[in-house]
Amino acid sequence: MRFDHGSRVYITANAQLRGATSMSGLCGNFNGVTTDDLKIPSGSMATSVTEFANGWKADSLCVDASSVSPCEANADRKPWAEKG
């Protein structure tokens, strides 16, 4: 894991784990197939990012995620965010 001391966290799994059946979670399963990265613990595929986030909640007391446009919620930060 690497943090750029700004706003990004980079997580890289050990290359020896590529394709391992034990890899799963919010960062995908590290099998090189991006189309199955939205799998939730139930085994089904989420149809949206919001459903995916809610599928990984650790506790039923956690509030459901909702879809929010960060650029609309923080218009003053939009130019910085789009700069990438």
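Sort through D59, D36 and tell me the only one that's out of contact with any Asp or Glu (no Cβ under 7 Å at 6 or more places or on another chain), among the charged types (D, E, K, R) and open to solvent by less than 50 Å² (accessible area, probe 1.4 Å). Selected residue: D36, the only one of D59, D36 that is out of contact with any Asp or Glu (no Cβ under 7 Å at 6 or more places or on another chain), among the charged types (D, E, K, R) and open to solvent by less than 50 Å² (accessible area, probe 1.4 Å). Among the residues of region 18-33, those identified as open to solvent by less than 70 Å² (accessible area, probe 1.4 Å) and either out of contact with any Lys or Arg (no Cβ under 7 Å at 6 or more places or on another chain) or not aromatic (F, W, Y) (or both) are G19, A20, M23, G25, G28, N29, N31, G32, V33.
The values are calculated or read from the model by the stated rules, or taken from the named source; none is laboratory data. These numbers come from a predicted model, not from an experiment. With ideal geometry, Cβ positions are generated from the backbone for all residues, glycine too; neighbour counts draw on all protein chains shown. Note: areas computed on protein heavy atoms with side chains; ligands, DNA, RNA excluded. Shrake-Rupley method; radii C 1.70, N 1.55, O 1.52, S 1.80 Å.
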